[in-house]
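Notes to accompany the following structure.
The values are calculated or read from the model by the stated rules, or taken from the named source; none is laboratory data. Just so it is clear, the model here is predicted, and its values are computed rather than measured. Cβ sites come from the backbone with ideal geometry, for glycine too, and all protein chains shown count toward neighbours. Just so you know, the surface numbers come from the protein's heavy atoms only, side chains and all, with ligands and any DNA or RNA stripped out. Shrake-Rupley method; radii C 1.70, N 1.55, O 1.52, S 1.80 Å.
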Amino acid sequence: QVQLVESGGGLVQDGGSLRLSCAASGSILRINDMAWYRQAPGQQRELVATITLGGSTNYADSVKDRFTISRDNAKNTVALLMNSLKPEDTAVYYCNANTIVTRPVRRLEVWGQGTLVTVSA
């Protein structure tokens, strides 16, 4: 089994910063792409940022130049540094990982439980 555990959410003022972290554990051979998604109240879940095994990144237009996704392959973690936060960034943020697991060997997509980020005006 594989689990993703997120941390770092909370309340921050407009213009502030937060760093989210997500740790993967379990019988993992490899983690390929990792991503952060978010879902605002009453809205659909949207892709925020992705990072490949090799470190290539992509961002939603709404967060470009403000958010930075990174990963530590040795620790099986992915982080999202969020700067210049705006009230419209308020959402539950979800970690996602595309993994190769063992017992049996197979591909498995895993989601974290979500962590709430609230940006006040």
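Overview of results
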| item | result |
| --- | --- |
| Subset of region 42-54 [open to solvent by 40 Å² or more (accessible area, probe 1.4 Å) and farther than 15 Å from N98 by Cβ] | G42, Q43, Q44, R45, E46 |
| Per-region count, region 26-41, residues under 16 Å from I100 (Cα atoms) and open to solvent by less than 20 Å² (accessible area, probe 1.4 Å) | 3 |
| Pairs where the first residue, in region 93-121, is more than 22 Å from N73 (Cβ to Cβ) and in contact (Cβ under 8 Å) with a residue 12 or more places away in the chain and the second is open to solvent by 90 Å² or more (accessible area, probe 1.4 Å) and not hydroxyl-bearing (S, T, Y), C-beta under 6 Å, 6+ apart | T118/L11; S120/Q13 |
| Per-region count, region 52-101, residues among the aromatic types (F, W, Y) and over 18 Å from R38 (Cβ atoms) | 0 |
| Answer residue from region 69-121, given it is under 23 Å from P41 (Cα atoms) and of a type in the set (D, E, K, R) and is surrounded by the fewest Cβ atoms within 10 Å (Cβ to Cβ) among those | E88 |
